[in-house]
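Visitor: Structure provided below as structure tokens; questions to follow.
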Amino acid sequence: MTQNVPSFDELLDGAQRTAVHLEMRDAYGVVDEADDFGHWKATGERDIDPGSPYWGPWVELIGRTVARGVVVRRARIVSEPVSDYIRYEHAATSVNVEAGELVRWLPRRRASDIALPGNDFWLIDDRLIRWNHFAGDGASGGGEMSEDPATAKLCAEAFEAVWERAVPHVDYEIN
């Protein structure tokens, strides 16, 4: 079965009230990030210019989304000590925050008693789910859409439980 999965622009442009994103992997191998991640690993330098070719499209998308009054929240469940990839993400999360996202981090050991879906997801307006699938090496395995009310409820409850326990980005320190 082939499914029409909207782009992130289409997904967030369609949001009316909320867009939440739960990330649960300690490493991603997304092709679009490979060069930037490699550069960071070699030099410790990370692109944090919101107008750069790397960040510009995302910053513009989030900016127009929050300008319409949509609240965009991202929560990351991470193992500690954190992986190099999480260090890399943390090093530039200020760009997400400056763009208008609210971002929190939850140490995995504090998530043990939370019922979590099996995959990362975006949940739009508490009803539309975009599952993000990944291969074992972290490469993108594509997306999948669902509007199942029971599954949307699971995602919303899981996200809120994580959000409640998580540490705001500004206060989360990487050791």
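Visitor: With the requirement that a residue be in contact (Cβ under 8 Å) with a residue 60 or more places away in the chain and within 10 Å of residue 19 (Cβ to Cβ), what does region 66-81 give you?
Guide: 72, 73
Visitor: State whether one or more residues within region 144-152 are under 26 Å from residue 92 (Cα atoms), of a type outside the set (A, V, I, L, M) and surrounded by 13 or more Cβ atoms within 10 Å (Cβ to Cβ).
Guide: As a first pass, look at region 144-152 and keep what is under 26 Å from residue 92 (Cα atoms): none.
No, that holds for no residue.
Visitor: Next up: Does region 89-117 hold any residues that are under 12 Å from the mean Cα position of the chain (by Cα), buried (at least 20 other Cβ atoms within 10 Å of the Cβ) and hydrophobic (A, V, I, L, M, F, W, C), and which are they?
Guide: If the condition is that a residue be under 12 Å from the mean Cα position of the chain (by Cα), buried (at least 20 other Cβ atoms within 10 Å of the Cβ) and hydrophobic (A, V, I, L, M, F, W, C), then 103, 105 are the ones that fit.
Visitor: Still on this structure: What pairs come out if I take residues in region 82-93 that are closer than 17 Å to residue 24 by Cβ and among the β-branched types (Val, Ile, Thr) and pair them with residues that are at pLDDT 95 or above and part of a helix (DSSP H, G or I) whose C-beta lies under 6 Å away, six or more apart or interchain?
Guide: If the second residue must be at pLDDT 95 or above and part of a helix (DSSP H, G or I), the pairs left are 93/169.
Visitor: Next up: So which pairs qualify, if the first residue must be in region 44-65 and over 18 Å from residue 7 (Cα atoms) and in contact (Cβ under 8 Å) with a residue 40 or more places away in the chain, the second must be of a type in the set (A, V, I, L, M) and surrounded by 12 or more Cβ atoms within 10 Å (Cβ to Cβ), the Cβ gap must be under 7 Å, and the two must be at least 6 apart or on different chains?
Guide: Partner pairs satisfying both residue conditions: 46/91; 46/92; 47/92; 48/92; 48/95; 50/59; 50/95; 50/99.
One line per residue, one yes/no per condition, for (1) among the charged types (D, E, K, R); (2) part of a loop (DSSP other than H, G, I, E, B):
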| site | (1), (2) |
| --- | --- |
| 41 | yes, no |
| 48 | no, yes |
| 61 | no, no |
| 81 | no, yes |
| 88 | no, no |
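Visitor: May I pose another question? Which of the numbered conditions does residue 77 fail, given that it passes all the others? Conditions: (1) β-branched (Val, Ile, Thr); (2) in contact with a Lys or Arg (Cβ under 8 Å, 6 or more places away or on another chain); (3) part of a loop (DSSP other than H, G, I, E, B).
Guide: (3)
Visitor: Can you pull out the residues in region 1-32 that are at pLDDT 90 or above, assigned to a helix (DSSP H, G or I) and farther than 24 Å from residue 157 by Cα? Outline the logic, then answer.
Guide: Taking region 1-32 first, the residues at pLDDT 90 or above are 5-29.
If we keep only those that are assigned to a helix (DSSP H, G or I) as well, we get 8-13.
Matches in region 1-32: 9, 10.
Visitor: Okay, moving on. Which residue out of 23, 10 is on the phi < 0 side of the Ramachandran plot and either surrounded by 13 or more Cβ atoms within 10 Å (Cβ to Cβ) or small (Gly, Ala, Ser) (or both)? First the steps, then the outcome.
Guide: Details: 10 fails: either surrounded by 13 or more Cβ atoms within 10 Å (Cβ to Cβ) or small (Gly, Ala, Ser) (or both).
The match here is 23.
Visitor: Residue by residue through region 96-118, note down the ones that are of a type outside the set (Phe, Trp, Tyr) and more than 20 Å from residue 15 (Cβ to Cβ). Give the derivation first.
Guide: Pass one, region 96-118, residues of a type outside the set (Phe, Trp, Tyr): 96-104, 106-118.
Across region 96-118, the qualifying residues are 106, 107, 108, 109, 110, 111, 112, 113, 114, 115, 116, 118.
Visitor: Looking at region 63-72, can you tell me whether even one residue there is surrounded by fewer than 19 Cβ atoms within 10 Å (Cβ to Cβ), modelled with pLDDT of 95 or more and closer than 25 Å to residue 173 by Cα?
Guide: Step one: of region 63-72, the residues surrounded by fewer than 19 Cβ atoms within 10 Å (Cβ to Cβ) are 63-64, 66-69, 71.
Okay, now just the ones that are also modelled with pLDDT of 95 or more, so 63-64, 66-69, 71.
After this cut, where a residue has to be closer than 25 Å to residue 173 by Cα as well, the list is 71.
Yes; the residues of region 63-72 include at least one that is surrounded by fewer than 19 Cβ atoms within 10 Å (Cβ to Cβ), modelled with pLDDT of 95 or more and closer than 25 Å to residue 173 by Cα.
The values are calculated or read from the model by the stated rules, or taken from the named source; none is laboratory data. Model, not experiment: these values are computed from the prediction. When we count neighbours, we look across all protein chains shown, and the Cβ atoms used for this are built from the backbone with ideal geometry, even at glycine.
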